[in-house]
Amino acid sequence: MSKLGYVYVAANAALPNYVKVGHTNDIARRMTELDEATDGPYNLPGEWLTVHKQVSVDCIALEFAAHAELAIEHGRWYELFECTAAHAAQVITELLENSGACQTDEYKAIKQVKAEIVARKADKVLQASTQQAKIDALEMQVMEKRAGNKPGKGASTQERYEYQVAKQAVARRLTPTEAQKARMDKVFNA
């Protein structure tokens, strides 16, 4: 009997060092059920949180395999295992990848969508870092201009100080730090 759904790892702060491994087709509903449990090992004062979920075309078989694997290493109390959430997630992922379930079209499609999401996030990070590099380059151009314009005899103390800071920044190819900018503002706005 195969069933499309999720195998999840859940944790509760009231039961440190333990995780619950189970299966469901609705993660939010299952977490609510665990939170509202009135008896048994899941009746805990804290909130149950999903720390990992893995979709599977046969979530029942994957859950049982994960239980068997985790029980060998960590013992078992109902569906609770004394291990880290990261370790339980790793066991589930490895079991899924080593099973034939990873070869189905559905799994490949899900993996492709996840890869596209990761790629989009990476693109956003790259764009942000590129924009920051442009800002840094513009700031450096301003510093180079300041460093090239040595203040004359009638220059204010602030102009001479800004010149020295710019000259040092250009020499080190760094823009002034926030601390340096704050000191300049403090000294000259007092």
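The values are calculated or read from the model by the stated rules, or taken from the named source; none is laboratory data. Predicted model only: the values in this text are computed from it and were never measured. Because the Cβ atoms are built from the backbone with ideal geometry, glycine has one as well, and the counts that use them run over all protein chains shown.
Since LYS167 meets every condition but one in (1) surrounded by 11 or more Cβ atoms within 10 Å (Cβ to Cβ); (2) modelled with pLDDT under 65, which condition does it not meet?
The one condition LYS167 does not meet is (2).
Do we have LYS3 as surrounded by fewer than 16 Cβ atoms within 10 Å (Cβ to Cβ), under 29 Å from ALA109 (Cα atoms) and either in contact with a Leu (Cβ under 8 Å, 6 or more places away or on another chain) or touching a residue at least 40 places away in the same chain (Cβ under 8 Å) (or both) here?
yes
Give all pairs with beta carbons closer than 6 Å in which a residue from segment 78-89 that is in a loop (DSSP other than H, G, I, E, B) meets a residue that is hydrophobic (A, V, I, L, M, F, W, C); count only pairs at least 6 apart in sequence or on separate chains.
GLU79/VAL21
Looking at THR177, THR93, THR84, THR104, which is the one that is at pLDDT below 70 and under 30 Å from ASP58 (Cα atoms)?
THR104
Among (1) out of contact with any helix residue (DSSP H, G or I) (no Cβ under 7 Å at 6 or more places or on another chain); (2) among the charged types (D, E, K, R); (3) at pLDDT 70 or above, which single condition is ARG172 missing?
The failed condition is (3).
Please verify whether segment 95-106 includes one or more residues that are part of a helix (DSSP H, G or I) and touching a Gly at 6+ places or on another chain (Cβ under 6 Å).
For segment 95-106, residues part of a helix (DSSP H, G or I) and touching a Gly at 6+ places or on another chain (Cβ under 6 Å): absent.
Looking at segment 1-51, which of the residues that are of a type in the set (Phe, Trp, Tyr) and within 24 Å of the chain's Cα centre (by Cα) is farthest from THR93 (Cα to Cα)? Steps first, answer last, please.
Narrowing segment 1-51 to residues of a type in the set (Phe, Trp, Tyr): 6, 8, 18, 42, 48.
Of the ones still in play, those that are also within 24 Å of the chain's Cα centre (by Cα) are 6, 8, 18, 48.
Details: TYR6: 12, TYR8: 11, TYR18: 19, TRP48: 21 Å.
Step by step, filter segment 1-51, then rank; the result is TRP48.
Considering LYS20, LYS53, which residue is at pLDDT 90 or above, surrounded by 20 or more Cβ atoms within 10 Å (Cβ to Cβ), closer than 10 Å to TYR8 by Cα and of a type in the set (D, E, K, R)?
Of LYS20, LYS53, the one residue that is at pLDDT 90 or above, surrounded by 20 or more Cβ atoms within 10 Å (Cβ to Cβ), closer than 10 Å to TYR8 by Cα and of a type in the set (D, E, K, R) is LYS20.
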